[in-house]
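Undergrad: Before I ask anything, let me first share the structure, which is written out below as structure tokens.
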Amino acid sequence: MPGRALSFGVMAQAYERFRPGYPAELADAVLGYAGRPVVTALEIGAGTGKATRVFAGRGVAVTATEPDGAMLAELRRQVPADVRTVRAAFEELPPGERYGLVYAAAALHWTRPAGRWSRMAALLDAGGVFASFGGPVRLADPAVEEAVRAARAPFLATDEVPSPDGTPPEEAMQWPGTELSRSPWFSDVQQSLIERRLTMSADDWIGHLSTVSAYLVLPPAERKRAFEEILRVLPATVEVDADLTVHLARRNDRSAP
């Protein structure tokens, strides 16, 4: 999905405006799991820095990496001056520098599977923590969701990213926990859920959809028509489920480099 992975930069300001931020509860979960002070962190695919701000606000020295130049420029406008920023994809990060925490906020599925976990372990200090969190943002009302699905159908069958390893949604352990549980590089894999319910205007929901990769890769004329059709069936305000699935794991020092 390289094209979709690098489709966000054209909408960097909309991404910052319409994508939900991350709650303090997320930092509590990650830092509590670490069980010791986290001094340094590496963020993979930082986008406009929504998660960056949460961890930097807890006194963590964050190095935020992002491959898209436009997204990185917006990130630099949004985060504290002491956040280190690097234009690079995960696979381009040089070996050698290690961190107490490596995390990805709704970005891990854009990384390449080959060598993912050995590379991740190589970026972590002994006993360091890996965290991944995110989840689909969905309309909460089934009737509204069905109306939007019908309006979207001529343009897209779905606007969600499928599970990278094909794990069915009814399985207790979801990706990337499935891969982490099988990896010799990590142990103590945990999955938890942070529930969130948001309210936004119909226009803001369309603004959110304008940052979703499935729409971004549509031809502009089709994208415009899709948004018009969806807006036509929306009520003035919508309730949105934006639950975060959090995966945590610890570097397995018996196997890690």
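Undergrad: If I filter region 180-197 down to residues being among the charged types (D, E, K, R) and under 17 Å from the mean Cα position of the chain (by Cα), which single residue comes out as surrounded by the fewest Cβ atoms within 10 Å (Cβ to Cβ)? Talk me through it step by step, then tell me what you get.
TA: Applying the first criterion (among the charged types (D, E, K, R)) to region 180-197 yields 182, 188, 195-197.
Applying the additional criterion that residues be under 17 Å from the mean Cα position of the chain (by Cα) yields 195-196.
Working: Glu195: 9, Arg196: 16.
Ranking the qualifying residues of region 180-197, first place goes to Glu195.
Undergrad: Condition first: under 18 Å from the mean Cα position of the chain (by Cα) and acidic (Asp, Glu). Now tell me which residues in region 198-257 satisfy that.
TA: Correct list: Asp241, Asp243.
Undergrad: To continue, here is another question. Ala51 - would you say it is assigned to a helix (DSSP H, G or I) and over 16 Å from the mean Cα position of the chain (by Cα)? Explain how you work it out, then say what you get.
TA: Numbers: assigned to a helix (DSSP H, G or I): yes; over 16 Å from the mean Cα position of the chain (by Cα): no.
Criteria not met by Ala51.
Undergrad: For region 144-179, which positions are assigned to a helix (DSSP H, G or I), more than 28 Å from His247 (Cβ to Cβ) and open to solvent by less than 60 Å² (accessible area, probe 1.4 Å)?
TA: Val144, Ala147, Val148, Ala151, Arg152, listed by residue number.
Undergrad: Considering each of Thr40, Thr63 in turn, give the residue that is in contact with a strand residue (DSSP E or B) (Cβ under 7 Å, 6 or more places away or on another chain), of a type in the set (S, T, N, Q), in contact (Cβ under 8 Å) with a residue 60 or more places away in the chain and under 17 Å from Gly128 (Cβ atoms).
TA: Thr40
Undergrad: Okay, moving on. Can you confirm whether region 82-92 contains a residue that is under 30 Å from Ser210 (Cβ atoms) and of a type in the set (Phe, Trp, Tyr)?
TA: Yes.
Undergrad: In region 124-134, is there at least one residue being within 24 Å of Ile194 (Cβ to Cβ), touching a helix residue (DSSP H, G or I) at 6+ places or on another chain (Cβ under 7 Å), aromatic (Phe, Trp, Tyr) and touching a residue at least 12 places away in the same chain (Cβ under 8 Å)?
TA: So far as region 124-134 goes, yes, one or more of its residues are within 24 Å of Ile194 (Cβ to Cβ), touching a helix residue (DSSP H, G or I) at 6+ places or on another chain (Cβ under 7 Å), aromatic (Phe, Trp, Tyr) and touching a residue at least 12 places away in the same chain (Cβ under 8 Å).
Undergrad: Please determine whether any residue of region 12-27 is touching an Asp or Glu at 6+ places or on another chain (Cβ under 8 Å) and under 24 Å from Ser163 (Cβ atoms).
TA: Scanning region 12-27 turns up at least one residue that is touching an Asp or Glu at 6+ places or on another chain (Cβ under 8 Å) and under 24 Å from Ser163 (Cβ atoms).
Undergrad: Can we say Leu101 is on the phi < 0 side of the Ramachandran plot, in contact with a His (Cβ under 9 Å, 6 or more places away or on another chain), open to solvent by less than 40 Å² (accessible area, probe 1.4 Å) and modelled with pLDDT of 95 or more?
TA: no
The values are calculated or read from the model by the stated rules, or taken from the named source; none is laboratory data. The model shown is predicted, which means the values in this text are computed figures rather than measured ones. Counting neighbours? That spans all protein chains shown, and the Cβs are built from the backbone with ideal geometry, glycine included. Keep in mind that these areas ignore ligands, DNA and RNA; they rest on the heavy atoms of the full protein, side chains included. Shrake-Rupley method; radii C 1.70, N 1.55, O 1.52, S 1.80 Å.
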